[in-house]
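No lab work stands behind these numbers, since they all come straight from the coordinates. Keep in mind it's a predicted model, so treat the numbers as computed, not measured. As a convention, Cβ positions derive from the backbone with ideal geometry for all residues, glycine included, and neighbour counts pool all protein chains shown.
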Amino acid sequence: MSAPTSPDTAATPAGAAPVVAPWDGDDPLVVAGTVVGPRLVLGTGGAPNLDRLEDALVASGTRLTTVALRRVRPGGEQSVWALLTRLGIRALPNTAGCFTAREAVLTAELGREACGTSWVKLEVLADDVTLLPEPFGLVEAADRLVREGFTVLPYTGDDPVVARRLEDVGCAAVMPLGSPIGSGLGILDPRSIAAIAERAQVPVILDAGVGTASDAALAMELGCDGVLVASAVTRAADPPRMARAMALAVRAGRAARLAGRIPRREHALASSPTDGLVGRPPGNLDLAL
Amino acid sequence: MTETRTTDARTTDTRTADTRTADTEELPVVAAPPAPVVTVNGVPQPWDAGLTVATVVQGLLSDAATAPAGCAAGTPTGVAAALDDAIVPRGLWADTPVPAGARLEVVTAVQGG
């Protein structure tokens, strides 16, 4: 892998000057050799309107955000595309709502054309109730899209074996769920997420299930390289405030991971000196030495 | 049922009653050839020989409040088109005719994920 390049601006056309909070460039998320930006990735789904979304995006400091592809409707809603262009935030088109590999491949191709980026958040869902990833169609679609030159970031379950298969077919990252989309249940199986992160040679971005800031911090502590959050911010009572909380949590979790946590113990371990205690016979010092 | 004018109850073939009202009901119905249509985002609309992907997309976008960025240049970004499940690159829209009976999907980026 070559050295990281600066982010290409293909997905943020029109040379828009970024107006999101300045980013210090420290410890960036790097995917496929491209510096993405801060390790918090925001999804745009769930915001009641574009104004609220803009506030949340700016507060989060993110440089990468997901968009969905839908039919142009006469008299349709305001364009999120224009907003992202203005903010200078890279769009990551997804294949949300696709239930087969075929649908997902076509949607990814439309996203590449519409957004001018070969990056795709690949989703192949099993059904519209659980919204869980369908691993067979997912791996098939990922394989196909990688061969078409896409940079594929697949949304997957927390199964380490599926994550490995996705990496095998050439995905640029893996994005395991913490819990079902929109559930806010956090990370249901931390050991699986840790196992995925430990083995992966590509970035691991926790996707789906984050409910509050501690969930995002935990993901980073478990070894994830980034966190993707949508509903937890856009549907919070105060989205910009939650966006800032998530950004702080991701940085805190990352710092804690790098700092190296203490091992868990079954019993207490005093942190104060155990010798020289008042009212005890002398001699302990000698024993301790 | 055509009115039977004869009083002869045994005559049930109405065609013998009055040749002026000879029954056409038994003739097969031959409909006028259907006007050719194209299906744009699931909605049928009239087809004509001059349709290109560019004209259809422009027609859609002029109706849409979305009016994505870059529309002024005539090559809107944030929008993609697929003709019968094959992506048509933006640069080819103007030169790609839309055949009668075709399905055209025109999509744009929206909030999601």
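For chain A, with only Lys/Arg (+1) and Asp/Glu (-1) charged at the beta-carbon, what is the dipole magnitude about the Cα centre, in debye rounded to 20?
In debye, rounded to 20, chain A gives about 380.
Given H placed 1.01 Å from N in the peptide plane, which residues other than close sequence neighbours of A:Trp119 have an amide H under 5 Å from its amide H?
A:Thr151
Report, largest value first, the span of the C-alpha coordinates of chain A along each principal axis, in whole Å.
Over chain A, Cα extents along the principal axes are 88, 41, 39 Å.
With axes computed from alpha carbons, what is the tilt in degrees of helix A:135-147 against the longest principal axis of chain A, rounded to the nearest 10 within 0 to 90?
70
How crowded by other chains is B:31-42, given as the mean number of beta carbons from other chains within 10 Å of each beta carbon?
1
For chain A, the longest stretch holding no trypsin sites (Lys or Arg not before Pro) located in a DSSP loop with at most 12 other Cβ atoms within 10 Å is which?
In short, A:1-260.
Which FRET efficiency, nearest 0.05, do A:Asp127 and A:Gln201 yield, Cβ-Cβ r, R0 35 Å? Please list the in-between numbers first.
Working: r = 31 Å, r/R0 = 0.89.
That gives a FRET efficiency of 0.65.
Any idea what log10 I(q)/I(0) is at q = 0.18, 0.22, 0.25, 0.28 Å⁻¹ for the stretch A:132-209, Debye with uniform C-alpha scatterers and no solvent?
-0.64, -0.92, -1.13, -1.33
Counting C-alpha atoms alone, how compact is the stretch A:109-171: give Rg to one decimal and Dmax as a whole number, in angstrom.
My reading of the Cα-based Rg and Dmax gives 11.6, 33 Å.
How much net charge surrounds A:Ala108 when only the other residues with a Cβ under 15 Å from the Cβ of A:Ala108 are counted, with Lys and Arg +1 and Asp and Glu -1?
It works out to a net charge of -3.
So how tilted is helix A:239-259 from the main axis of chain A? Cα-based, degrees 0 to 90, rounded to 10.
The angle comes out at about 50 degrees.
Step through the residues of the stretch B:80-95 one at a time and calculate ³J(HN,Hα) from phi using the Karplus curve (6.51 cos²θ - 1.76 cosθ + 1.60, θ = phi - 60°), rounding each to whole Hz and writing x for Gly and Pro.
9, 10, 10, 9, 6, 6, 10, 5, 10, x, 3, x, 9, 4, 5, 9
Show the residues, 5+ positions off or on another chain, whose built amide H is closer than 5 Å to the amide H of B:Val110.
Sorted by chain and number, the residues that satisfy this are A:Ala68, A:Leu69, A:Arg70.
Can you tell me how the stretch A:143-289 classifies by the Cα gyration tensor, rounded, prolate or oblate, using a/c under 1.5 as the rounded cut?
Judged from the Cα gyration tensor, the stretch A:143-289 comes out prolate (a/c at least 1.5, a/b above b/c).
For the stretch A:138-244, run through the GluC sites (Glu not before Pro) and keep only the ones in DSSP coil with at most 15 other Cβ atoms within 10 Å of their Cβ.
Hits after loop and neighbour filter: A:Glu148.
Write down, largest first, the equivalent ellipsoid semi-axes of the stretch A:34-120 in whole Å, where each equals the square root of 5 times an eigenvalue of the alpha-carbon gyration tensor.
21, 17, 11
For B:100-107, what's the mean count of beta carbons from other chains sitting within 10 Å of each residue's beta carbon?
Shielding by partners across B:100-107 averages 3.
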